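So the structure is just underneath, and the comments pick up after that.
The values are calculated or read from the model by the stated rules, or taken from the named source; none is laboratory data. If you're wondering where the values come from, they're calculated on a predicted model, not measured in any experiment. Here the Cβ positions follow ideal geometry from the backbone for every residue, glycine too, while neighbour counts run over all protein chains shown.
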Ligand code: SAH
Ligand code: SF4
Ligand code: F3S
């Protein structure tokens, strides 16, 4: 193959979960270290990293349509160099290489620290695939954190051992692994130094994190949160995503004790029928899930709840779907994500009997989303009149307008003298379905 010109600009496009967003940021940092710069908005990049998601069929197909768009009508010399990263790369690496000659690199989520070496080979015209799973070796090989957003992500745990019967994550991300305590405290401090005011601890099963603290004691996620709360300049801590099976008393207590731990919990339930939950290999029942939420709410009465739902899991009857609606009515989520079941290759549910017709799934999803939207709006309306801190994350559409997040993870906007990264005291004055309007009460404070 003929040598290709070394890329001067890059763009990383991340799809899927926040873990992918974190990985995308780290890949961007590596490319920047190599002297490649982000392509200006609206301009083509010389190198495009498609950081893909395999969770549902539609998400996985996106990679092929994106490759088509990037190369359409372009000669080889004009087309960008393409790297496919993320969970589709892990699951279908070989196939991508065969199907798309325009792709030079395929790199899995546990191997992307090797992207620079692969890039050197790609510049020489070689195509390279790396979908090894060397546990967490990548973190040690990544450059230091130097810039970040006021609301940053920190991956503390990766992989999943839960094997829900519909889900590809245990196959694309591998077994559950916790990053070492010291590395996390160090990275958190670097993020704060670089401007982070809020850190969301990430993991496919973040509540399964465990590690040895400086004194040699084994601690869980609650212990880590307690120690991170002592980092000067860090004002807010969040974590996601949790599995009901790993929530312990210490974590529940932490919600009542640690001011910096925000009053928000994303705890996916998936369905309201115990038969469906068993078939999904979820280890909770609707009842055990509800009682767990009671304990969290007892520790932190203003806790906002969020969840994930799948409608149309194989065999789900109308009556079983009604049980999901009943659970939603009982919990009153502040926000939620809901999906139609999508059969994923290699997962047990994909070959189960009783696959549900598309029209039935459409109708169920519509009804579920109507209920979830109703509750989200009600939650926002109930927030009107409250005074709270808003972390400013970006400018609004109009001059002098700012957008940020409330402690309950609602989007809020207000007008006034402020800057990105400020923590602003605001009174919430008007609710919309997806955001709230606020009035700034005091001059912003820029540090915790
Ligand atoms: N680790 C998290 C979430 C992982 S994926 C957890 O256990 O909850 C995010 C969400 O995608 C899941 O919670 C589930 O609601 C949805 N999802 C996963 N696999 C799916 C599939 N095959 N079809 C439809 N939705 C799916
Ligand atoms: Fe997937 Fe279940 Fe693991 Fe979540 S807990 S990542 S849904 S297998
Ligand atoms: Fe998607 Fe992989 Fe995340 S499949 S949801 S990017 S772990």
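Values for this structure:
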{"item": "Selection within region 1-19 - closer than 27 Å to residue 199 by Cα and either more than 16 Å from ligand 1 (Cβ to nearest atom) or surrounded by fewer than 21 Cβ atoms within 10 Å (Cβ to Cβ) (or both)", "result": "10, 11, 12, 13, 17, 18"}
{"item": "Given (1) within 21 Å of residue 224 (Cα to Cα); (2) in contact (Cβ under 8 Å) with a residue 60 or more places away in the chain, number of the condition residue 124 does not satisfy", "result": "(1)"}
{"item": "Residue check for residue 184: within 16 Å of ligand 2 (Cβ to nearest atom), closer than 23 Å to residue 108 by Cβ and at pLDDT 95 or above", "result": "no"}
{"item": "From the options 291, 282, residue that is outside the structural domain of residue 219 (by TED's automatic domain parsing), assigned to a helix (DSSP H, G or I) and modelled with pLDDT of 95 or more", "result": "291"}
{"item": "Residue list for region 215-240, restricted to those being in contact with a strand residue (DSSP E or B) (Cβ under 6 Å, 6 or more places away or on another chain) and within 16 Å of ligand 1 (Cβ to nearest atom)", "result": "238, 239, 240"}
{"item": "Selected residue (criterion: nearest to ligand 1 (Cβ to nearest atom)) from residues of region 242-265 that are closer than 23 Å to residue 192 by Cβ and not in a helix (DSSP H, G or I)", "result": "264"}
{"item": "Filter pass, residue 351 being outside the structural domain of residue 150 (by TED's automatic domain parsing) and in contact (Cβ under 8 Å) with a residue 12 or more places away in the chain", "result": "no"}
{"item": "Only one of 274, 248 that is away from ligand 2 (no atom under 16 Å from the Cβ) and over 23 Å from the mean Cα position of the chain (by Cα)", "result": "274"}
{"item": "From the options 327, 365, residue that is out of contact with any helix residue (DSSP H, G or I) (no Cβ under 7 Å at 6 or more places or on another chain), over 18 Å from residue 168 (Cα atoms) and modelled with pLDDT of 95 or more", "result": "365"}
{"item": "Qualifying strands (runs of 3 or more DSSP E) (wholly inside region 116-214; at least 2 residues being away from ligand 1 (no atom under 16 Å from the Cβ) and in contact with a helix residue (DSSP H, G or I) (Cβ under 9 Å, 6 or more places away or on another chain))", "result": "128-130, 151-155, 210-212"}
{"item": "Residue match in region 350-367 (condition: in contact with a strand residue (DSSP E or B) (Cβ under 6 Å, 6 or more places away or on another chain) and surrounded by 20 or more Cβ atoms within 10 Å (Cβ to Cβ))", "result": "yes"}
